[in-house]
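Peer 1: Shown below is the structure under consideration.
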Amino acid sequence: MPKEVSDRIAAGEVVERPASIVKELLENSIDAGADDVAVELMDGGKTLIRVTDNGSGISGEDLRLAFMRHATSKISGFDDIQNIRSYGFRGEALSSIASVSRVEVITRMPDSHAGTRIVVENAEVIELGETGAPPGTSVAVSRLFAAVPARRKFLRSDSAEQGHCLEAITRIALARKELRVKVTANGKNALHIPRTENISERVALVLGADFARHCLPLRGERGGLRISGLVSQPGFTRANGKAIMFYVNGRFVRDTLLHHAVNSAYRKIIESGRYPLAVVFLELPPGEVDVNVHPAKTEVRFSNPSAVYEFLRASAIDSVSRILPGAQEHDRVYTLYRASSQEGGTGRGGAGAVQENGEIFHAPPRFSPRALEKMDLAGLMKAVEDKRLSQLEASPAGGRAGYFSSLQYIGQFAGTYLIFSGPDGLVMIDQHAAHERIVFEKLRAGSRDRKLGSQSLLIPEVVNLSVQDTERVLSAAAALNAMGFEIEAFGEASVAVRSVPAIIGEINIADVVSNLAAHISETGKPAETEEWRDNIFAFLACRAAIKANREMSEQEIDALCRDLDSIPFASNCPHGRPVFVCFSRREIEKMFRRA
Ligand code: ADP
Ligand code: MG
């Protein structure tokens, strides 16, 4: 195969579109220590991409080398690969780009008296010589795919390509607060990311200012693995998972495992089909992560993926569980008549959120944009936490402890909703959702502490199932046993249930076991994961919970409130519906036009 052809094939892996070139050039600038970069785009980068930096520059001798495949100044031996901190290390980008375009580099090292200029087109060096130049490097890419018209045809409209370029730039900049980037498109300012201590502003740039106001801090450290970042509050979600972003050792990556870990933390608290937003930074020793799996390097491989998964998931659950009832000012859900909201009932400055078409819109800024601007990531995380703590302390119930028990019971509405008068207003609890949450949390905690007692049935109950379902249930017998179920084979098409988890009380065993079978067939093999257990627990909780349309005694209500006080996550049921809502006195007064 002629070298020209093999180069072009290699280029296909790195150079897909203008945005991939922008990404490689910007990363090279950062690797060269630049903290000020200008990007010029013409026609979405199809006509010209120029990246100019204030980095270390390239020496005259090295400039030609930089265009050779596998020429990299960033590694010299295999050991280095294990310890990569820079973006580049394959030495493929410049050669690949130059095999499908015209590349002009003008560069000068700050200490040299003269600069160097090189022009390479379709892998041939056309010009090379000394030139006057400012310190740093400027790389201009033009005539992209001129010699490969088939590739050019795959490019989208100028504005679409420009969008991709800007996205690539913001993604990189998000993790680099010391970097200043200015982008012009066809001579006009397109984006300016100032150098700032402020990551939250960058987060706002990429995920929107609303996210910055509805996020929770994410933090964790275990072994060599450090997790930091922001995840959205459960009420603030999107219809797809695109707003979940990961950086591993400062490098943007796509990783389904990480994605899954964050999503699963929300599984039982937001509606299915909705996704959280998240910016997650993972730091781990370079030896524990392999970044050398994909030419464009947005994929990684962890040496211990399940440890990373479990820890990320646990950290995210921890963040989300900080939504506390005493902090409901933050996450209250209420419904008002449209008419009153037009009167300003829920208008600007109003607290709380409006439920509308099943979507929950959250309260306006908790932090003024000015305050936000001044904060860096750590500051924002601390501020979110402090705010929540102060809300807790400010609550007359003395914070979270005993919040529900302190409420004064007024009565039941529609056989389903318990109405209370509380320190911060009128509280309504959905009795089924609340009880479901309680049973779920007890099952989860019991399983975690390996203290899930079981209650034996006086007479084992035989449940008739199909042959396949019998097999399914038996295949999960060990996992179910750990939950407190004792289930044995009983002929080909039935099982005998000898005991059930103590927590779930009176249930229709036949109904539960046959549904378990359906669950197992849906969720596949019962892996011994927390997630699989959570699924089963959510189902059990729903079955075991007090149904709507049932009157409750005062003792039962007391017990329910005490239980609600004792669990995390009290604000949503395992299916993501709210457990309780609260109308502040002010809101009620507004409804009656008193305020
Ligand atoms: P890699 O980044 O994987 O090393 P590249 O093909 O992207 O490979 O770049 C090849 C080499 O060219 C780099 O190792 C570096 O020495 C040099 N280089 C590229 N861009 C710059 C730049 N903007 N400033 C300084 N040196 C650069
Ligand atoms: Mg590179």
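The values are calculated or read from the model by the stated rules, or taken from the named source; none is laboratory data. Just so it is clear, the structure is predicted and the values come from calculations on it, not from any experiment. FYI the Cβ positions are ideal-geometry reconstructions off the backbone, even for glycines, and counts take in every protein chain you see. Ligands, DNA and RNA are stripped out before the accessible areas are found, and what is left, the full protein with its side chains, is counted by its heavy atoms. Shrake-Rupley method; radii C 1.70, N 1.55, O 1.52, S 1.80 Å.
Peer 1: Out of the total accessible area of the range 396-595 (probe 1.4 Å, heavy atoms of protein only), what percent is carbon and sulfur?
Peer 2: About 50 percent, which is the carbon plus sulfur part of the accessible surface.
Peer 1: Give a residue-ordered list of calculated ³J(HN,Hα) values for the range 306-319 (Karplus: 6.51 cos²θ - 1.76 cosθ + 1.60, θ = phi - 60°; whole Hz; x for Gly, Pro).
Peer 2: Computed from phi, the couplings for the range 306-319 are 5, 5, 5, 4, 4, 6, 5, 4, 4, 5, 5, 4, 4, 4 Hz.
Peer 1: How high is the FRET efficiency from HIS192 to ALA445, r the C-beta distance, R0 51 Å, rounded to 0.05?
Peer 2: Result of the calculation: an efficiency of 0.55.
Peer 1: Counting only C-alpha contacts under 8 Å and six or more residues apart, can you give the relative contact order of the range 103-232 as a whole percent?
Peer 2: It comes to 13 percent, rounded to a whole number.
Peer 1: Could you work out how far the C-alpha centroid of the range 236-292 sits from that of the range 452-492, in angstrom?
Peer 2: Each part's Cα centre sits 36 Å from the other's.
Peer 1: Further question on the same structure: How do ASP62, ASP469 rank by accessible surface area computed with a 1.4 Å probe, from largest to smallest?
Peer 2: So the residues, ranked largest to smallest area, are ASP62, ASP469.
Peer 1: Another one. For MET428, tell me the accessible area in Å² from a 1.4 Å probe, rounded to the nearest 10.
Peer 2: Only protein atoms counted, so the area is about 50 Å².
Peer 1: Go through 430-442, 173-185, 499-511 and give me the packing order, highest mean Cβ count within 10 Å leading.
Peer 2: In descending order of packing, they fall as 430-442, 173-185, 499-511.
Peer 1: Of the listed peptides 215-224, 28-37, what is their order by residue-averaged count of other C-beta atoms within 10 Å, with the highest listed first?
Peer 2: 28-37, 215-224
Peer 1: Between THR47 and ILE410, what FRET efficiency comes out of the Förster formula 1/(1 + (r/R0)^6) with R0 = 56 Å and r the beta carbon distance, rounded to 0.05?
Peer 2: 0.20
Peer 1: Let me ask another. Just to confirm, what accessible area per residue do you get for the range 215-320 at 1.4 Å probe, in whole Å²?
Peer 2: Here the residues of the range 215-320 average 37 Å² of exposed surface.
Peer 1: Excluding GLU310 itself, what net charge comes from residues whose Cβ is under 11 Å from its Cβ, given Lys and Arg +1 and Asp and Glu -1?
Peer 2: 0
Peer 1: Now for a different question. First measure r as the distance between the Cβ atoms of LYS242 and ILE507, then evaluate 1/(1 + (r/R0)^6) with R0 = 35 Å and state the FRET efficiency to the nearest 0.05.
Peer 2: 0.30
Peer 1: Does a label point 7 Å from the Cα of GLU486, set along Cα-to-beta-carbon, have any residues of the range 437-471 with amide nitrogen under 12 Å, and which are they?
Peer 2: Only 454-461 fall inside the zone, counting backbone N under 12 Å.
Peer 1: Within 11 Å, Cβ to Cβ, of ILE172, how many net charges do the neighbouring residues add up to if Lys/Arg are +1 and Asp/Glu are -1?
Peer 2: Neighbour charge sum, excluding ILE172 itself: +2.
Peer 1: Moving to a separate point now. Based on Cβ point charges of +1 for Lys and Arg and -1 for Asp and Glu, what charge dipole magnitude is obtained for the range 106-219 about its Cα centre, in debye rounded to the nearest 20?
Peer 2: Magnitude of the dipole: close to 400 debye.
Peer 1: Determine the gain in length on full extension of the stretch ASN549-LEU458; use 0.36 nm per residue of separation and subtract their C-alpha separation, reporting nm with one decimal.
Peer 2: Contour length minus the Cα-Cα distance gives 29.8 nm.
Peer 1: Find which of ILE536, THR416, ALA478 sits farthest along the positive direction of the dipole of the range 396-595, computed with +1 on the beta-carbon of Lys and Arg, -1 on that of Asp and Glu, about the Cα centre.
Peer 2: THR416
Peer 1: With +1 on each Lys and Arg Cβ and -1 on each Asp and Glu Cβ, and nothing else charged, work out how big the dipole of the range 215-320 is about its Cα centre, in Debye to the nearest 20.
Peer 2: The dipole of the range 215-320 has a size of about 280 debye.
Peer 1: Starting from the Cα of LYS153, step 7 Å along the direction of its Cβ; do the same at LYS182; then give the gap between the two resulting points in nm.
Peer 2: 4.1
Peer 1: May I pose another question? Would you mind working out the accessible area per residue for the range 396-595, using a 1.4 Å probe, and quoting it in Å²?
Peer 2: Heavy-atom SASA per residue in the range 396-595 reads 49 Å².
Peer 1: Note the full-extension length gain between ALA209 and ARG222 as 0.36 nm times their separation in residues minus their Cα-Cα distance, in nm to one decimal.
Peer 2: 1.6 nm
Peer 1: Would you please put 529-536, 487-494 in order of how densely packed they are, using the mean number of other Cβ atoms within 10 angstrom per residue and starting with the highest?
Peer 2: 529-536, 487-494
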